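Asker: The structure's right below; bear with me while I get my questions together.
The values are calculated or read from the model by the stated rules, or taken from the named source; none is laboratory data. For clarity, every value in this text was computed on a predicted model and none was experimentally measured. A quick note on method: Cβ atoms are made from the backbone with ideal geometry, for glycine too, and the neighbour counts reach across all protein chains shown. SASA here: full protein model, heavy atoms, side chains in, ligands and nucleic acids out. Shrake-Rupley method; radii C 1.70, N 1.55, O 1.52, S 1.80 Å.
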Amino acid sequence: MKTTFNSFLFTFFTLSIFLGFQVYAVPYDYSYVLGCVAKPGAPQYKGGIAVNPEFDEELKGWAAAGNAKISTAKSPDGNAYAVVSNIVTPQSDGLSLAFNVEKGKLYTVSAWFQISEGEAAVQGKVVTSTGNKTANFITAKAGCWTMFKGGFHVNVTEPAALHFDTNSTGFDMWVDSVSLQPFTQEEWNSHQAESLEKVRKAKVKFEVADQLGKAVADASVSIKQREPHFPFGCAMNFLIVKNEAYQKWFLEKGFRYAVFENELKWQATELKQGEEDYSVPDAMLEFAKKHNIRLRGHNIVWDDPEYLPEWVKTLPDDQKREAALKRANSVVTRYKGQFFHWDVINENMHYNNISSVTNHGADVFNLLHHLDPLPIPFLNEYNVIEDVSLQSFAATWKYLQKIDEIRKAGYNGPLGIGLESHFNYVEPNFPYIRASIDMFYATGFPIWVTEFDVDSIYKKWTLQYMEPLLHELHSHPYVNGIIVWGAMGDKKDGCWKMCLTDLEYKNVPPGDILDKFMSEFIRVPDTNGKTDATGAFETSLFHGEYEATVTRADGAQAAEPQTFNLMPGGDVTAVKFKTR
């Protein structure tokens with residue numbers, strides 16, 4: 001299979017760090033300020049290539065867009081900012097900065113916004129001859145400042161404009177601390193490699209001495225990974241209970257985390273009202289427990305009416321509420337302590353069939369937390385990082401609004417950020433993906449990629465973007481785990497969107513990409529080295545459990561094998577051997 005260009009670059013720059021060569025790049029700024037605050041922060045990257053980012057030189061470099069009029073003002077403490085008035089055409093009238101955009105570069109954008117009254121969605125976008133490309137949206141409010149963060153890349157090199165506008169009219173928009181920072185693909189990949197070294201790996205030092213404490217030089221150290229630390233898994237379905245080929249494939253991959261594809265859903269367990277059947281998920285649970293596989297609970301209820309049992313759809317609201325809470329009580333009580341996560345109301349930003357009768361879903365969250373307080377309750381949504389548009393029901397800014405809605409409705413317990421990550425016909429916007437995860441991290445909630453796939457209907461699309469997306473998501477320091485949505489089915493095409501194997505469980509190209517990724521970053525091959533004159537050998541390994549053996553230069557084993565754990569946040573781990 002032909003290696004993609006993005007994959008080549010990532011591999012090259014990862015190796016360059018491992019081999020001691022330094023990629024000199026402006027460090028990526030992962031910070032984000034959540035909420036609405038009294039004063040705007042300083043511009044990231046000191047503004048990058050944005051001219052006059054803090055408007056200390058009046059409107060130098062900036063221009064009005066559409067019907068808007070622009071001016072500058074100062075707060076009582078002397079802070080200058082731009083004022084955009086006469087906003088009469090939504091998503092058109094605004095503030096614009098001319099710059100030269102370059103094909104192949106990835107641009108991060110940040111700024112601070114306030115409006116004169118109410119609240120509105122503010123958009124940042126790049127305008128080129130080929131059209132507009134959105135960097136992100138945020139909700140700006142009156143009386144306080146909100147941070148915007150996003151990004152874009154385009155396929156042209158030409159004069160362009162960074163443009164800020166809103167989705168509404170009848171107010172003034174204030175802008176401050178703008179940043180526009182470009183990165184080459186090489187620099188972007190070096191951020192990934194640097195992040196892996198900092199947050200996914202740790203250093204270990206082996207010290208070998210004889211019985212008298214004298215250093216043993218030129219001893220061979222062999223290190224074998226026993227279990228990786230980073231949670232990386234795959235969806236499974238009912239076929240795995242009886243299909244030995246499926247079991248063999250799943251277990252040989254070494255998946256220790258999984259989720260049921262459809263078998264636990266309400267539609268699958270109570271097709272007729274009052275007739276519950278949990279026999280299939282029970283059998284799948286036993287398989288998982290037998291093989292030490294940890295499970296996400298997916299899901300308690302689903303807001304999409306298409307995937308509700310038929311009998312639920314026709315119930316009046318009061319009975320629908322009663323049925324939903326009964327379902328939640330039944331499934332959570334039955335599987336208490338069996339799942340480490342629960343997807344509570346699935347896709348409740350796109351739909352509200354159950355949320356509308358359960359106090360924005362807060363009643364279901366509260367019931368779960370009462371019945372089974374240890375698992376983390378998750379929001380779980382698609383088109384969060386896959387697509388950024390005003391029409392996207394679950395884009396980053398709307399996800400943050402949903403969290404506020406559930407909090408205001410009375411649920412104050414733990415929450416998890418579930419990013420389904422079903423990439424399809426929209427070209428991935430890597431700067432937006434990275435910025436969105438930065439924003440979610442500011443909530444303090446754990447972030448998981450819960451259903452990753454790249455639509456294999458577009459074969460070339462899958463092969464082009466699957467590996468770069470896995471690298472981007474795995475290397476982000478705030479992503480806590482990844483589940484691939486690749487369960488096999490009994491349909492002719494064998495799977496839902498992204499096939500990893502054929503119906504005989506032999507790899508198809510996406511399966512090869514997954515194997516390559518896992519062998520490099522999850523279940524890694526053995527590491528070998530030799531002690532120096534001081535009897536030491538030091539290396540960097542992915543977090544996990546390992547076993548090490550030492551052999552003297554004469555070929556004799558120097559000592560019994562030792563196991564050790566490398567975990568996040570630790571100092572250099574010392575493993576000491578004494579020869580016999």
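Asker: Any residue in the range 76-83 that is assigned to a strand (DSSP E or B), under 18 Å from PHE164 (Cα atoms) and open to solvent by 30 Å² or more (accessible area, probe 1.4 Å)? Give the derivation first.
Answerer: Within the range 76-83, the first condition is being assigned to a strand (DSSP E or B), and the residues that meet it are 80-83.
Next cut, under 18 Å from PHE164 (Cα atoms) only: 80-83.
Within this subset, residues satisfying the condition of being open to solvent by 30 Å² or more (accessible area, probe 1.4 Å) are none.
No, because not a single residue in the range 76-83 is assigned to a strand (DSSP E or B), under 18 Å from PHE164 (Cα atoms) and open to solvent by 30 Å² or more (accessible area, probe 1.4 Å).
Asker: Another question, if that's okay. In the range 156-205, what residues are open to solvent by 10 Å² or more (accessible area, probe 1.4 Å) and among the acidic types (Asp, Glu)?
Answerer: Matches in the range 156-205: GLU158, ASP172, GLU186, GLU187, GLU194, GLU197.
Asker: Note down all Cβ pairs under 6 Å where the first residue falls in the range 254-267 and is touching a residue at least 24 places away in the same chain (Cβ under 8 Å) and open to solvent by 10 Å² or more (accessible area, probe 1.4 Å), the second is of a type in the set (Phe, Trp, Tyr) and outside any strand (DSSP E or B), and they're at least six residues apart or on different chains.
Answerer: From residues that are touching a residue at least 24 places away in the same chain (Cβ under 8 Å) and open to solvent by 10 Å² or more (accessible area, probe 1.4 Å), the pairs are GLU263/PHE238; GLN267/TYR307.
Asker: Right, next: Go through the residues of the range 138-155 one by one and say whether even a single one is open to solvent by 10 Å² or more (accessible area, probe 1.4 Å), among the hydrophobic types (A, V, I, L, M, F, W, C) and within 21 Å of PHE99 (Cα to Cα).
Answerer: yes
Asker: Would you be able to tell me the number of residues in the range 206-224 that are open to solvent by 10 Å² or more (accessible area, probe 1.4 Å) and either within 20 Å of SER475 (Cα to Cα) or in a strand (DSSP E or B) (or both)?
Answerer: Result for the range 206-224: 6.
Let's see how each residue does on (1) assigned to a loop (DSSP other than H, G, I, E, B); (2) among the small types (Gly, Ala, Ser); (3) modelled with pLDDT under 95; (4) farther than 22 Å from TYR425 by Cβ:
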residue	(1), (2), (3), (4)
TRP448	no, no, no, yes
PHE452	no, no, no, no
LEU463	no, no, yes, no
LEU470	no, no, no, no
LEU473	no, no, no, no
PRO477	yes, no, no, yes
LYS491	yes, no, yes, no
GLY494	yes, yes, yes, no
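Asker: Could you count how many residues in the range 139-166 are closer than 18 Å to VAL83 by Cβ and either under 22 Å from the mean Cα position of the chain (by Cα) or not in a strand (DSSP E or B) (or both)?
Answerer: Let us first name the residues in the range 139-166 that are closer than 18 Å to VAL83 by Cβ, namely 140-146, 148, 162-166.
Going one step further and asking which of them are either under 22 Å from the mean Cα position of the chain (by Cα) or not in a strand (DSSP E or B) (or both), we end up with 142-144, 148.
The qualifying residues number 4.
Asker: Select from the range 5-34 the residues that are modelled with pLDDT under 95, assigned to a loop (DSSP other than H, G, I, E, B), surrounded by 12 or more Cβ atoms within 10 Å (Cβ to Cβ) and out of contact with any helix residue (DSSP H, G or I) (no Cβ under 6 Å at 6 or more places or on another chain) and list them in ascending order. Even if it seems obvious, please write down each step before you answer.
Answerer: Residues of the range 5-34 that are modelled with pLDDT under 95, as a first pass: 5-26.
The next check asks that each one be assigned to a loop (DSSP other than H, G, I, E, B); those that pass are 19-26.
Adding the requirement that they be surrounded by 12 or more Cβ atoms within 10 Å (Cβ to Cβ) leaves 23, 25-26.
VAL26 - this is the single residue of the range 5-34 that is modelled with pLDDT under 95, assigned to a loop (DSSP other than H, G, I, E, B), surrounded by 12 or more Cβ atoms within 10 Å (Cβ to Cβ) and out of contact with any helix residue (DSSP H, G or I) (no Cβ under 6 Å at 6 or more places or on another chain).
Asker: Would you check if ASN86 is open to solvent by 20 Å² or more (accessible area, probe 1.4 Å), farther than 19 Å from VAL388 by Cα, touching a Pro at 6+ places or on another chain (Cβ under 8 Å) and polar (S, T, N, Q)?
Answerer: It is false that ASN86 is open to solvent by 20 Å² or more (accessible area, probe 1.4 Å), farther than 19 Å from VAL388 by Cα, touching a Pro at 6+ places or on another chain (Cβ under 8 Å) and polar (S, T, N, Q).
Asker: Restrict the check to the range 489-512 and report whether at least one residue is touching a Leu at 6+ places or on another chain (Cβ under 8 Å) and among the hydroxyl-bearing types (Ser, Thr, Tyr). Give the steps one after another, and end with the answer.
Answerer: Within the range 489-512, the first condition is being touching a Leu at 6+ places or on another chain (Cβ under 8 Å), and the residues that meet it are 489-490, 494, 500, 507-511.
After this cut, where a residue has to be among the hydroxyl-bearing types (Ser, Thr, Tyr) as well, the list is none.
The answer is no; no qualifying residue exists.
Asker: Could I ask something else about it? Determine which member of the set GLU538, GLU547, GLU560, GLU504 is of a type in the set (Asp, Glu), touching a Pro at 6+ places or on another chain (Cβ under 6 Å) and surrounded by fewer than 17 Cβ atoms within 10 Å (Cβ to Cβ).
Answerer: When all the criteria are applied, what remains is GLU547.
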